Amino acid sequence: MTPTQPILPAEQIRTGDAPLMSLAVLQPPPDIFARRAARLLQLADGHAMADFLRLCAAICQQQQALHDASRLDPRAALEKLAQALAPQLPAPVQTSLDALLAQDTAALSRLAERLINGDYPVDDPLFAALPLLGAALQAQATRSIRQRPLPEPQSQETRCPCCGGLPLASLLLRGDSGHAQRYVMCSMCSHAWPVGRVRCLSCGNSRDLHYYSLAAQDHVPAAPDHQQPHQERGAREVEACGECHGALKQISLLLDAGAEAGADDLASLALDLLAGEAGFARIGFNPLFLPGREPA
């Protein structure tokens, strides 16, 4: 698989790139994790990472149970996940999970705070179990924020206006006017806030942006059609910024109405790897996939 060349220059789709602050924050459906699990199982069929996606689906099913239960602290939520998933976890993950649960409350809280901010110890024996801690935190944050009044975004925000979480991916939706509207889904509370249609979330650049999607080795992109600007775009792309070298996954419900940001992001990790090889660093993260990297 190879990335396509930039499909459409920013200048050609600049109309409507400014965020419309009259747009409300989008609340996730109450069964968001069940929907994510179903989408993951659908995407797993024939996928090169089928086993990984099916394990993520099992985690999401348990996240739904956590979301539907009464509020739990991180340790209690993690213990429930551990008990439910024990038969499906690889041995190294189970060993790491046992060590994670052996941490005292203060140490577990420090790890949770670091993880919420996308910081985690890749060289630590606990590393393999941290996605399960992320899953517990995500389920509880989604439940908690759903019970609060929604804020009104004041400007293009780089972090979630509801909980301060990092971005997971952006979504393209069909707006009331018929034009595409862009939102960013929070990696923690699963709410989505409006942002500029063609604008780097990290630095605000709107000129030197490139869009990459996966294509066959011999794929030749068609010439841009200004009347149908999305026809040659991928349903799952990476928006890469030539200014700050940040990259953010973009999931289009215009091209795939069944797409779900969390699931489709996990099913397109090859895009993140290709973007990284091209010198772009991901903006935000997905709690269920924590790539190894050199410690800072």
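The modelled label-to-label distance for the pair R114/Q88, using points 7 Å beyond Cα in the direction of Cβ, is 2.7 nm.
Between the alpha-carbon centres of segment 233-261 and segment 27-56 there is a gap of 18 Å.
Looking at segment 109-172, the accessible area is 41 square angstrom per residue; that uses a 1.4 Å probe and ignores ligands, DNA and RNA. For a modelled paramagnetic label at A48, 7 Å from Cα along Cα-to-Cβ, the residues of segment 265-282 in reach, with backbone nitrogen under 18 Å, are 265-279. Treating r as the C-beta distance of E152 and A278 and R0 as 51 Å, the FRET efficiency rounds to 0.90. From most to least packed by mean Cβ count within 10 Å, the peptides 234-245, 115-126 give 234-245, 115-126.
The values are calculated or read from the model by the stated rules, or taken from the named source; none is laboratory data. If you're wondering where the values come from, they're calculated on a predicted model, not measured in any experiment. Cβ atoms come from the backbone with ideal geometry, glycine included; neighbour counts cover every protein chain shown. Surface accessibility is based on the protein's heavy atoms, side chains included, excluding ligands, DNA and RNA. Shrake-Rupley method; radii C 1.70, N 1.55, O 1.52, S 1.80 Å.
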